[in-house]
Amino acid sequence: MDAETCIKKLGYVGILNFATVDKNGHPQVRSISAIHYEPNAIYFYTARGKNFCQQLMDDGHVQIHALTRFKEMIRLSAIARLVPKDEQEHWKNVIFEEQPYLENVYPGNTRSIGIIFVIRDAHIEYFNLGVRPIDRAYFTMGSAEPEQKGFRITDDCIQCGTCKANCPQGCIDEGEPYRIQPEHCLHCGNCFENCPAEAILKLD
C-alpha cells in the first residue's frame with residue numbers, strides 16, 4: 001500500500017464524502033463525484049454558488065473520506081487550491097468527459113458556473129477493518145509533512161502487561177518498555193485508560 005494506490009482506490013469508490021467547516025465553525029459534509037484522479041493529484045468540480053465552493057475559497061481545508069466494499073477506510077486531509085485560470089477549461093473538459101452524467105446537471109454553457117479545485121499536498125490515512133489484526137498506514141502526497149497519531153508507551157512503563165491484556169487487537173509487544181504496533185493499532189485508547197503507571201502517551 002502507498003499513497004498512489006490509495007488514490008486509485010478512491011477512484012474505484014467514485015463518490016467521495018468531502019468535509020469542510022462553515023463560517024460558524026459547523027462541520028459540513030457533501031458527496032462529490034465530479035472528480036478526476038492523477039497519481040499525485042485530485043481535481044474536482046463544483047459550482048461557484050454553492051456554500052461548499054465558498055468554504056473552499058475562504059479556507060481551503062478539506063477532508064475526504066471513502067469506505068471500500070472490502071471495509072478499507074481511506075481518509076485524505078488537505079488544502080484545496082483553485083486551479084489557475086488558464087487551466088480551468090482543460091480540467092473542466094476532462095471531468096465532464098469522464099463523468100457524462102454532468103451534462104444532465106449542467107447542460108450546454110451552464111457548465112461555466114463551475115470551478116475546478118486541485119489537491120496536491122495531503123495526508124492520507126489507510127485503515128483496513130476487514131482483516132485481523134486491523135491494518136493501518138499513513139502516507140503523504142506532495143510536500144505534506146508526516147504526522148504521528150495514536151498512542152506510544154513511554155519509559156515510565158513498569159512492564160505489568162495490563163496494556164497488552166486490554167488491547168482488543170493484540171498488537172502490544174512485551175519489552176522494556178512494552179511497544180504498540182502502530183500498523184495494527186485501533187486507536188481505541190483502552191491501553192491508555194487502563195495503564196496503572198500512566199505510561200502511555202496520546203500522540204494526537
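Pairing residues of segment 105-124 that are assigned by TED's automatic domain parsing to the domain that holds residue 50 with residues that are buried (at least 19 other Cβ atoms within 10 Å of the Cβ) and among the hydroxyl-bearing types (Ser, Thr, Tyr), at Cβ distances under 7 Å and at least 6 apart in sequence or on separate chains, gives 114/45; 114/46; 115/46; 116/43; 116/45; 118/43.
This table checks each residue for (1) touching a strand residue (DSSP E or B) at 6+ places or on another chain (Cβ under 7 Å); (2) under 30 Å from residue 183 (Cα atoms); (3) buried (at least 19 other Cβ atoms within 10 Å of the Cβ).
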site: 93; (1), (2), (3): no, no, no
site: 103; (1), (2), (3): no, no, no
site: 106; (1), (2), (3): yes, no, no
site: 139; (1), (2), (3): yes, yes, yes
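Scanning segment 15-27 for residues that are of a type outside the set (Lys, Arg) and loosely packed, with under 13 Cβ neighbours inside 10 Å, we see that the one that is nearest to residue 101 (Cα to Cα) is 15.
Among residues of segment 166-204 being of a type in the set (D, E, K, R) and under 23 Å from the mean Cα position of the chain (by Cα), the one that is modelled with the lowest pLDDT is 204.
Only one of the numbered conditions (1) among the acidic types (Asp, Glu); (2) farther than 30 Å from residue 80 by Cβ; (3) out of contact with any Pro (no Cβ under 7 Å at 6 or more places or on another chain) is violated by residue 147, and that is (2). Can you pull out the residues in segment 36-64 that are outside any loop (DSSP other than H, G, I, E, B) and over 22 Å from residue 102 (Cβ atoms)? Residues satisfying the conditions are 58, 61, 63.
The values are calculated or read from the model by the stated rules, or taken from the named source; none is laboratory data. The model shown is predicted, which means the values in this text are computed figures rather than measured ones. Every residue, glycine among them, receives a Cβ derived from its backbone with ideal geometry; neighbour counts consider all protein chains shown.
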